[in-house]
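Written below as structure tokens is the structure these notes are about.
The values are calculated or read from the model by the stated rules, or taken from the named source; none is laboratory data. Note that the structure is a prediction, hence the values are computed from the model and not measured. Reconstructed Cβ throughout: ideal geometry from the backbone, glycine too, with neighbour counts over all protein chains shown. These area figures cover heavy atoms from the full protein model, side chains too; ligands, DNA and RNA do not enter into them. Shrake-Rupley method; radii C 1.70, N 1.55, O 1.52, S 1.80 Å.
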Amino acid sequence: MLINTQSNFVPKTVGPFRIQKMPSIFMSRNGKNDIVIHKENSENWGAMYDDKYYRIAMILDAETFHPIRSNLTVPSEVLDNLKVWGF
């Protein structure tokens, strides 16, 4: 099975959060995009972007902005501005 991890969407960093629209990682959402919000992690594990470690805070449906999965709290200021920032 081939998994496409490439994305044409440019990420945005807001404080400790890194936001990116990307192809869904869930099999039931094949062919759809999600908005993934990562939060900077002070520990030395997680996904590494720009020499910083991040863990997934929240995953949203890119079309409806409904949460699919939420692991950490994301401030409402970040969620309210997703459309303004082009997501």
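Note that the chain presents 69 Å² accessible area per residue, ligands and nucleic acids not counted, probe 1.4 Å. Ignoring any ligand, DNA or RNA, what whole percent of the accessible area of the chain comes from carbon and sulfur when the probe is 1.4 angstrom? That fraction is 50 percent. For the chain, modelled as a GNM with alpha-carbon contacts under 10 angstrom, which of F26, F17, F65 fluctuates the most? Highest fluctuation among the options: F26. Computed from backbone phi with θ = phi - 60° and the Karplus coefficients 6.51, -1.76 and 1.60, the 3J(HN,Hα) list for segment 53-61 is 8, 10, 10, 6, 9, 7, 10, 10, 5 Hz; x is used for glycine and proline.
Each of S42 and R55 was given a label point 7 Å from its Cα along the Cα-to-Cβ line. The distance between the two points is 1.3 nm.
If you wrap the Cα atoms of the chain in a convex hull and average its projected area over all directions, you get 6.2 nm². Charging the Cβ of each Asp and Glu at -1 and of each Lys and Arg at +1, and nothing else, the dipole of the chain about its Cα centre rounds to 160 debye. Comparing E63, E40, E77 in a Gaussian network model of the chain (Cα springs below 10 Å), the most mobile by mean-square fluctuation is E77. Springs join every pair of Cα atoms under 10 Å in this Gaussian network model of the chain, and among V14, V74, V36 the largest mean-square fluctuation is at V14.
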